[in-house]
Amino acid sequence: MEDEKNVVHENTESAEQVEKKSKKTRRNELSFSILETIKKAQIQNGLRQNDYLRYRHYSSRRLKRLRKSLKAVCGKKHYVISKMDAGLAQQARYLLLPLTAAERCWAYSMNLKDSPQHGKRTAYHILRRLVKATKYSNLLFEICKVRADEATTVEAEAYHKWMCGNVALETSNWEDAMSHFRRAKTIYDTLSRIGTNPNLNKLYVQRVEEIDPVLRFCVYNMSRERGGEIDEKELLSMEEDTGDLILKAKLEAAIEVNRKKQAQSMESVLWRGVPVPVSNEKIRLCVIEAESFVSKSLDKSIDHTKRMTIFDKIFISLNDALALLRSDILLVMSKSDQSSVVVLDQLKAFLTHKLVYQTIRRNRFMVDEFREKMKIQQSSTNTNSKNKYAEGRPISAHDIVNIYDLLSQNMHELKGLPGFENDKDERNAVELATLVYRGLRCYYMALSYYQAESWPEAVALFNRCVEYVPQAKALLSKCNQKLVSELVDTSLIAWLDESSKASISVPRAMSLLSIYKSQEEVENEFTKLSVSHKISQEKLIDRLEKSEISFEPPTITDFPPSLQTIPAKPVLFDLAYDFISFPDLSLRKPKKKKGFLGFFS
């Protein structure tokens with residue numbers, strides 16, 4: 001025991017000795033980047049896949065190696081407390097001891113938070129681990145104040161404040177959490193602006209972005225405690241922006257409470273002008289959840305990947321509601337309650353209608369994204385330039401054809417819903433959308449044949465596209481524009497007309513050339529050409545400024561040329577002509593010579 005006390009005594013120093021040593025060794029200040037160190041360790045050891053257990057085990061092994069290399073082990077046979085003190089910090093690696101210990105405790109708490117079994121005991125254990133992580137981060141900050149340079153000390157303070165904010169967030173102490181996170185954000189923001197390392201500055205900016213939703217959530221809860229209104233869109237945006245499990249758990253709980261309040265006030269849904277009661281509370285929650293995600297998907301600022309994730313959540317909610325409804329229908333049918341079965345069938349039609357409409361919206365976003373990618377890829381291929389879509393598998397015309405097949409199938413599903421035949425506006429809108437999607441499908445199928453150099457097939461499909469256009473234009477005047485806009489973009493009709501007429505020229509010419517094998521056969525066929533068919537009355541000179549493609553040959557010019565009026569020369573009246581007498585000049589007139597025989601003439 002005496003040996004153990006001596007070991008403890010050797011490893012500890014008084015505060016006065018530490019201060020004296022710090023003045024002597026101030027010029028040998030320790031320096032290292034705390035945030036860069038922990039981010040690198042987290043990415044390489046499990047947190048890229050949100051595997052907190054793996055990172056916790058790594059931190060334990062790292063801490064054991066550090067203690068062994070720094071000769072700060074906790075005894076060999078018996079456990080001996082090895083205190084971490086500023087007097088022992090002679091190199092920067094010593095600062096990794098409290099940092100790694102804090103990361104191990106934090107990873108343990110996040111592992112418990114991410115576990116499916118989350119009871120009161122688990123919540124208490126999570127809080128204990130976070131408090132212990134805060135103690136180690138405070139110890140790191142105290143050592144850095146004595147032995148480290150200013151930048152490392154400030155960063156250690158930010159790390160300690162961030163850890164303290166997590167504890168306050170777990171205990172729902174919003175004011176303390178806001179003060180701690182605000183201090184950490186200020187430090188990281190300042191370091192990102194004054195730093196010279198661009199990679200390190202990105203990490204600081206990333207940490208600031210992680211703290212922003214936490215501050216918004218604290219402000220939200222403080223205003224709610226004062227009687228403010230609950231905005232679920234704000235909660236959903238905060239949940240999407242954050243990666244902190246503590247904040248995500250708090251946000252999910254707040255969103256769930258808000259949806260339950262809305263479900264209590266929701267009594268029925270409106271289906272084709274008739275209110276349909278919703279008695280199952282779980283179905284109400286699913287419908288409200290789907291509606292919240294639908295409103296979020298309308299945001300134009302989010303990118304394609306996030307929007308597709310939101311649509312997946314919409315489909316999960318609606319499919320869950322349909323599954324609950326099917327079980328209710330089976331239960332009611334077993335009781336032979338026909339009136340309740342009719343009501344549940346109406347509710348099923350409402351949910352199916354909503355699911356099909358959201359599927360159409362998702363497919364429209366997908367096909368718009370694919371068309372944009374295909375357009376950019378073609379332009380980059382022509383100019384040999386790189387763009388954001390250059391990497392990865394290129395988008396082909398066949399991919400777009402598949403999506404238009406899905407949209408046509410969605411239109412067929414709408415036709416099979418109850419009450420469709422009685423709704424004239426929806427029937428016309430679905431017919432119009434079906435025509436447009438068929439035309440677009442033909443167009444991209446023609447492009448695929450065009451790329452494969454199958455010229456006759458491409459010409460036939462382009463002609464079919466042109467035939468769809470007048471039918472769609474005739475039906476457009478009969479439709480409800482608001483209802484049509486939910487199913488199809490009407491500007492695609494004019495685009496389809498122009499693109500089909502412009503794209504048919506090359507495959508038509510190539511299909512004619514492919515029939516003949518030699519140049520002589522082509523020349524012979526050109527000699528057989530006739531201009532006796534219908535000719536456009538519009539002259540060629542009048543069409544020079546137009547880019548439209550016409551299938552009728554133009555009139556080159558009129559023959560004989562038509563007369564054109566020109567201004568006439570004015571008539572001059574010579575009034576002095578009658579009052580002038582002219583001299584006789586007959587003598588100057590040459591005389592006609594006569595020969596010998598001229599006497600007889």
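The values are calculated or read from the model by the stated rules, or taken from the named source; none is laboratory data. Everything numeric here is computed off the predicted structure, so don't read it as measured data. Cβ: placed from backbone, ideal geometry, glycine included. Neighbour counts: every protein chain shown. Quick note on the areas: whole protein, heavy atoms, side chains included, nothing else; ligands and nucleic acids left out. Shrake-Rupley method; radii C 1.70, N 1.55, O 1.52, S 1.80 Å.
With K and R counted +1 and D and E -1, the other residues having a Cβ less than 15 Å from that of residue 448 yield a net charge of -1. Amide H to amide H, with H built 1.01 Å from N, residue 148 comes under 5 Å of 30, counting only residues 5 or more places away or on other chains. With the biggest extent put first, the Cα atoms of the range 303-353 measure 49, 16, 7 Å across the principal axes.
Just subtract the alpha-carbon distance of residue 114 and residue 375 from 0.36 nm times their residue separation and send over the number in nm, one decimal. Numbers along the way, then the final one.
On the way: separation 261, 0.36 × 261 = 93.96 nm, distance 4.31 nm.
The span from residue 114 to residue 375 would gain 89.6 nm if fully extended.
For the range 356-362, the Karplus equation 6.51 cos²θ - 1.76 cosθ + 1.60, evaluated at θ = phi - 60°, returns couplings of 5, 5, 5, 5, 4, 4, 4 Hz by residue, with Gly and Pro reported as x.
Reported to the nearest whole Å, the Cα centre-to-centre distance from the range 400-447 to the range 287-358 is 21. Between residue 268 and 278, the built amide H atoms are under 5 Å apart, and every one of these is 5 or more places off in sequence or on another chain. Diffusion coefficient of the range 116-209 by Stokes-Einstein, Kirkwood radius over Cα pairs, 37 °C, 0.692 mPa s: 230 µm²/s. Within the full protein context, the accessible area of residue 366 is estimated at about 50 Å² for a probe radius of 1.4 Å. Diffusion coefficient (Stokes-Einstein, Kirkwood radius over C-alpha pairs, 4 °C, 1.567 mPa s) for the range 261-380: 81 µm²/s, rounded to a whole number.
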